[in-house]
Amino acid sequence: MTETSPHVITDPKGEGLTRIASVNVNGIRAAQRKGMGEWLAEREIDILALQEVRADGATLTKLVQQMAESTGDVWHIHEHEASQKGRAGVAILSKRAPLATRTGIGEGHPEDDGRWIEADYELGDGTSLTVVSVYVHSGEVGTERQEHKMRFLQYMLEYLPQLAERTDHVLVMGDLNVGHREFDIKNWKGNVKNSGFLPEERAYFDKYFGEAGYVDVARRLAGEVDGPYTWWSYRGKAFDNDTGWRIDYHMATPALAELATNPKVDRAADYSLRWSDHAPLVIDYKLP
């Protein structure tokens with residue numbers, strides 16, 4: 001790999017920081033083929049949450065190893081493959097080995113098949129960090145898909161406080177397929193009746209970032225601004241016109257959110273350079 005690679009993003013990681021990222025890869029095979037490996041080699045990431053992997057564990061491991069060849073990085077890979085081949089699938093990659101991993105929300109539900117995985121890490125001061133990669137259903141109004149989505153959002157509301165009670169820090173990352181506020185969707189007025197911006201969906205996020213006690217890290221750091229968007233349709237001129245949605249999140253417990261800095265959405269420089277319809281959300285944390 002050379003410095004002229006179109007996938008390089010110049011953003012050196014500061015000393016003592018842990019770089020944590022999340023991205024919906026829209027199929028790990030296609031992402032790797034289109035340039036994800038070049039991006040990964042340059043971004044100094046320590047923990048990476050993936051969604052919509054759409055591959056089995058052996059395939060994911062092989063492709064990650066191929067992407068790491070240029071740097072010699074060794075990744076610990078933990079994945080939750082969906083029972084239906086070629087659908088969903090989540091994973092957590094990390095430079096350090098986790099203490100434990102789990103799949104499913106709590107006792108697990110049919111709706112979280114291939115959509116929720118957790119990994120626990122010990123921090124330098126002896127405290128614990130639980131990282132989650134989650135892929136919420138895309139939904140479609142008036143269909144069973146929307147019913148699955150709404151049940152999953154309810155499961156999250158019930159489970160997030162339980163998760164926060166049993167560990168020191170929690171970071172839930174992923175494609176949550178809901179824009180919380182008007183800032184989060186370029187064309188929000190045209191989407192108030194569509195899945196992804198329904199009032200009943202957004203009400204859950206009011207509770208996640210309210211009574212459940214979590215913090216929307218990227219929004220806190222970015223402030224009251226449009227976006228920054230993380231997903232753009234492949235159709236039309238959505239990407240070129242930045243007609244996007246901010247549906248990828250870092251949701252952190254309060255003490256962890258205070259340690260966050262330097263948020264970046266790694267938006268491709270050009271439509272032709274995209275390796276997913278989502279862009280990675282990268283944030284550095286001053287972990288002990």
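Mean residue ellipticity, 222 nm, helices only, the chain: the sum of -39500 (n - 2.57) across DSSP H runs of n ≥ 4, divided by residue count and rounded to 500, is -6500 deg cm²/dmol. At a Förster distance of 45 Å, what's the computed FRET efficiency of Ala269 paired with Arg166, Cβ-Cβ distance as r, to 0.05? It comes out at approximately 0.60. As a proxy for reagent exposure, Phe183, Phe239 were ordered by neighbouring Cβ count within 10 angstrom, fewest first; the result is Phe183, Phe239. Annotation note: GluC sites (Glu not before Pro) in region 62-128 located in DSSP loop regions with a Cβ neighbour count of at most 16 within 10 Å are Glu69, Glu107. Which of the listed residues, Ala49, Gly72, Gly142, is farthest toward the dipole's positive end in region 18-285, when Lys, Arg count +1 and Asp, Glu count -1 at the beta-carbon? The Cα lying farthest towards the positive end belongs to Gly142. Normalised by residue number, the volume inside the convex hull of the Cα atoms of region 18-285 is 123 Å³ per residue.
I need the shape label for region 178-288. Rule: rounded when a/c is under 1.5, else prolate if a/b > b/c, else oblate, with a, b, c from the alpha carbon gyration tensor. It comes out oblate by the Cα gyration axes. Among the trypsin sites (Lys or Arg not before Pro) in region 115-173, those placed in a DSSP loop whose Cβ has at most 14 other Cβ atoms within 10 Å are Arg166.
Cut-off 17 Å, label point 7 angstrom out along Cα-to-Cβ of Asp56: give me the residues of region 80-108 whose amide nitrogen falls inside. Counting only backbone N, you get 80-90.
For the residue pairs Lys85/Lys193; Lys34/Lys149; Lys149/Lys186; Lys95/Lys186, the alpha carbons lie more than 24 Å apart in Lys85/Lys193; Lys34/Lys149; Lys95/Lys186. A simple rule links phi to the HN-Hα coupling: the Karplus curve 6.51 cos²θ - 1.76 cosθ + 1.60 with θ = phi - 60°, which for region 210-221 gives x, 4, 6, x, 8, 10, 7, 4, 5, 5, 4, 6 Hz, with x for Gly and Pro.
Coordinate-derived values only; no laboratory data. As the structure is a prediction and not an experimental result, all values here were calculated from the model. All Cβ positions, even for glycine, are placed from backbone atoms using ideal geometry, and neighbour counts span all protein chains on display.
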